[in-house]
Amino acid sequence: MKKKVIDAFKDPFAGRENVINLLIGGIITFFPVLNFIPAGYLGTKLKKSIKQDKTPVKWDEDIKGLFITGFWLFVICISYLIIPFLLMFLGGNLMLSLSGGKIFSLFYFRGQVLNLIGTIALLIAIYFLPFAVCIYLEEGEIKMAFKLQKVMEKIILVAKEYTISYLIIIGLITISVAFIFLFMNWVMGFLLSGFIFFYDGMVITGIISKFFPRKAITISLLKME
């Protein structure tokens, strides 16, 4: 497993073509709406890997298809993450506005509780999200991404490897966000953020593709005793 994870971190820089794809994806990621295209590129790359199709994804072959795929991936991600984000937003509002800055006020305490619940919900949502995306890409139907039983069936097949991958993904995202917002000024952070997040996407895609159980080895929870 260690080698597979290391390879996923190295692959975006392995060869001229991968570096060019990283640069293209990083640049397009800067632009709102258009950034559905690099998301679709990553989704299409993951889909090909799931189907064991080794042909490369080309930016200029089907831009419309990449955009549509990226849009639906965005819908899936937002659907999974919106409740945790709302809880954290409400918690922050209670702490910063309604509490009047008083740490020992009831509103501040409620805000802390909502933030805690929101954080836990966010971590749970992110745990399910990668395989939910994979199932959508494999099945080709948006509704399949929300069948949590099917997602759990996939996770159970590779529970150890997937949980380790999940922790690596959380760590990668946390480090990237900290690097951009804590160790850079806003100009450098803005200029490099597209490349950093697209690189993260390439790494995450690489990791997930190596451990996602394809249809051929899927079993049903209903048949397990």
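The values are calculated or read from the model by the stated rules, or taken from the named source; none is laboratory data. Values in this document were obtained by computation on a predicted structure and should not be read as measured data. Backbone-built Cβ (ideal geometry, glycine too); neighbour counts: all protein chains shown.
Would you check which residues across segment 171-194 are part of a helix (DSSP H, G or I) and of a type in the set (Phe, Trp, Tyr) and list them? Result: Phe179, Phe181, Trp186, Phe190. Close contacts from segment 70-98, counting a first residue that is polar (S, T, N, Q) and a second that is modelled with pLDDT under 85, with Cβ to Cβ under 9 Å and a gap of 6+ residues or different chains, come to Asn93/Gly111; Ser97/Phe107. Assessment of segment 73-89 against the conditions (over 16 Å from the mean Cα position of the chain (by Cα) and either under 24 Å from Gly194 (Cα atoms) or surrounded by 15 or more Cβ atoms within 10 Å (Cβ to Cβ) (or both)) yields at least one matching residue. Residue count for segment 185-216 under the criterion of being touching a Cys at 6+ places or on another chain (Cβ under 9 Å) and free of Cβ contacts under 8 Å to residues at least 40 places away in the same chain: the result is 0. Among the residues of segment 140-158, is any in a helix (DSSP H, G or I), of a type in the set (Lys, Arg), modelled with pLDDT of 90 or more and closer than 29 Å to Asn18 by Cβ? Yes, because at least one residue in segment 140-158 is in a helix (DSSP H, G or I), of a type in the set (Lys, Arg), modelled with pLDDT of 90 or more and closer than 29 Å to Asn18 by Cβ. Quick check on segment 33-43. Is at least one of its residues surrounded by 14 or more Cβ atoms within 10 Å (Cβ to Cβ), of a type in the set (Val, Ile, Thr) and touching a residue at least 40 places away in the same chain (Cβ under 8 Å)? The answer is no, given that none of the residues of segment 33-43 is surrounded by 14 or more Cβ atoms within 10 Å (Cβ to Cβ), of a type in the set (Val, Ile, Thr) and touching a residue at least 40 places away in the same chain (Cβ under 8 Å).
Please tell me if Thr69 is within 30 Å of Gly25 (Cα to Cα), touching a Pro at 6+ places or on another chain (Cβ under 8 Å) and either of a type in the set (S, T, N, Q) or surrounded by 14 or more Cβ atoms within 10 Å (Cβ to Cβ) (or both). In short, no.
Would you check if Met188 is surrounded by 12 or more Cβ atoms within 10 Å (Cβ to Cβ), modelled with pLDDT under 90 and not polar (S, T, N, Q)? Judged against the criteria, Met188 is not a match. Which one of these is without any contact (Cβ under 8 Å) to a residue 24 or more places away in the chain, assigned to a helix (DSSP H, G or I) and of a type in the set (Phe, Trp, Tyr): Tyr108, Tyr136? Selected residue: Tyr108, the only one of Tyr108, Tyr136 that is without any contact (Cβ under 8 Å) to a residue 24 or more places away in the chain, assigned to a helix (DSSP H, G or I) and of a type in the set (Phe, Trp, Tyr).
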